[in-house]
1. Tell me yes or no: at least one residue of the range 257-272 is assigned to a strand (DSSP E or B), basic (Lys, Arg) and surrounded by 22 or more Cβ atoms within 10 Å (Cβ to Cβ).
2. Just give me the residues in the range 295-312 being among the aromatic types (Phe, Trp, Tyr) and either on the phi > 0 side of the Ramachandran plot or surrounded by fewer than 24 Cβ atoms within 10 Å (Cβ to Cβ) (or both), in sequence order.
3. Check GLU323, GLU290, GLU280 and return the single one that is touching a His at 6+ places or on another chain (Cβ under 7 Å) and on the phi < 0 side of the Ramachandran plot.
4. Sort out which residues of the range 330-339 are in a loop (DSSP other than H, G, I, E, B) and either surrounded by fewer than 17 Cβ atoms within 10 Å (Cβ to Cβ) or among the small types (Gly, Ala, Ser) (or both), and write them in order of number.
5. Restricting attention to the range 172-198, which residues are under 19 Å from the mean Cα position of the chain (by Cα), in a loop (DSSP other than H, G, I, E, B) and crowded, with 24+ Cβ neighbours inside 10 Å?
6. Whether any residue in the range 109-121 is in contact with a strand residue (DSSP E or B) (Cβ under 9 Å, 6 or more places away or on another chain), more than 29 Å from ARG191 (Cβ to Cβ) and not in a strand (DSSP E or B) is what I want to check.
7. Could you please give the count of residues in the range 191-208 that are basic (Lys, Arg) and either within 25 Å of GLY297 (Cβ to Cβ) or in contact (Cβ under 8 Å) with a residue 60 or more places away in the chain (or both)?
8. Right, GLY36: under 17 Å from the mean Cα position of the chain (by Cα) and closer than 30 Å to LEU198 by Cα or not?
Amino acid sequence: MTLPRPHAAVLATAVLLTGAPPGSAAGADSYWVFFGTYTGGKSRGVYRSTFDPKSGTLSPAELAAEVTNPSFLAVHPTGKFLYAVGEVSDVGPKKAGAVHAFALDPKTGKLTKLNTRDSGGPGPCHLTVDKFGRCVVVANYGGGSCGALPIQSDGSLGEMTSFHQHTGKGANPARQEGPHAHSANIDADNRYAVVADLGLDRLFVYKLDAADTKLTPNDPPYYATPPGSGPRHFAFHPAGRFAYACGELDMTVIALRYDAGTGTFAPVNVAPTLPKDTPEAVRKKSSTAEVQVHPSGKYVFVSNRGQNSIATFRVNAETGSLEPGAFLTGDIKTPRNFGIDPTGRWVLVANQDGDSVVVFEWDNSGGNGKQTGTKIEVGKPVCVKFVLVAK
């Protein structure tokens, strides 16, 4: 039995918005913020903090769930369940990774473990929940595959019912010797799932039947990004007509037109994510990690590891093309995922190698940001998710 369609206004997260107008969450009292991490050292699993959207302050982080390498998280549309990958390669006879399900109490922020399923392949690194809360789609970097698991009525996960193994190789022999599925995203109509494969320079498109937890290759089955770009993460524009992929290997962000009726893409433009004056030695050690669209739809943000910044771009509302904007810099060290809060005013940057999360204030009218001085300790944080605190 799958869960019924949720009321859209129940939940606000950094990547799964309620559909309300940008800034409408400004009156919210506070949010739970959950951090996915790599464990070992200072981290033991998923961490939790409270966030005040009026002041931009975070409470000290506390352990919410002890689990190995919960690097990426996804929140159910009702706000009552949280899902985490276990980025390992030793689960079950297939030596796969893990997908963990937790009950989430939106009043207390407490996580209660429900169950664990294998991810279908080794090294899962990203997952998403469909808009109706019926299934989880997971991407396996190590295995170069993706799959879908049904969500049961109690929020737990059923056995994987749909699995696809990618094959081939890309232009970069060091990083693209085989497939490396790196993210999974679902469009606003809940009709298509897009899986970015870094190893193959492809955005695979699957028709999604969330009720039956089924992924079927689209026709055509993928969009090819520039050779050697290594598409890592992906984001749809809130208007539904555009989409963006960050090229991990060539330090670019790829702007695309999206046809929601056919699940197909067309090129718009490709923009570099590093400043023009970046030294060559820094370029060689840099890679992108995350791409997100601001709730207003006016800006795209991309994290640059190595060079240690968040690049921002202005979005042309008519064409979806990108123009270079400001860079968020300061106390940033290996920025992975980041969270733009539901009000659009704050950006929480996860510093994987800084063992910290820092807060920037974003000026949406001016298109620039500044560090606020708010910083909390979190061991190797790589993912940020917001959930509205229930009263």
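The values are calculated or read from the model by the stated rules, or taken from the named source; none is laboratory data. What you see is a predicted model, and the numbers here were worked out from it, not measured in a lab. So basically every Cβ, Gly included, is an ideal-geometry build from the backbone, and we count neighbours across all protein chains shown.
1. So in the range 257-272, the residues assigned to a strand (DSSP E or B) come out as 257-259, 264-272.
Then drop every residue that is not basic (Lys, Arg), which leaves 257.
When the remaining residues are screened for being surrounded by 22 or more Cβ atoms within 10 Å (Cβ to Cβ), the result is none.
No, the range 257-272 contains no residue that is assigned to a strand (DSSP E or B), basic (Lys, Arg) and surrounded by 22 or more Cβ atoms within 10 Å (Cβ to Cβ).
2. Going residue by residue through the range 295-312, those that are among the aromatic types (Phe, Trp, Tyr) are 299, 301.
Of everything in the range 295-312, just one residue is among the aromatic types (Phe, Trp, Tyr) and either on the phi > 0 side of the Ramachandran plot or surrounded by fewer than 24 Cβ atoms within 10 Å (Cβ to Cβ) (or both), namely TYR299.
3. GLU290
4. Here is the first cut: in the range 330-339, the ones in a loop (DSSP other than H, G, I, E, B) are 330-334.
Selection gives GLY330, ASP331, LYS333.
5. HIS180, LEU198
6. Checked against the condition, which is being in contact with a strand residue (DSSP E or B) (Cβ under 9 Å, 6 or more places away or on another chain), more than 29 Å from ARG191 (Cβ to Cβ) and not in a strand (DSSP E or B), the range 109-121 yields at least one hit.
7. Here is the first cut: in the range 191-208, the ones basic (Lys, Arg) are 191, 202, 207.
So of that shortlist, the ones also either within 25 Å of GLY297 (Cβ to Cβ) or in contact (Cβ under 8 Å) with a residue 60 or more places away in the chain (or both) come out as 191.
Looking only at that region, the number is 1.
8. Details: under 17 Å from the mean Cα position of the chain (by Cα): yes; closer than 30 Å to LEU198 by Cα: yes.
Spelling it out, GLY36 is indeed under 17 Å from the mean Cα position of the chain (by Cα) and closer than 30 Å to LEU198 by Cα.
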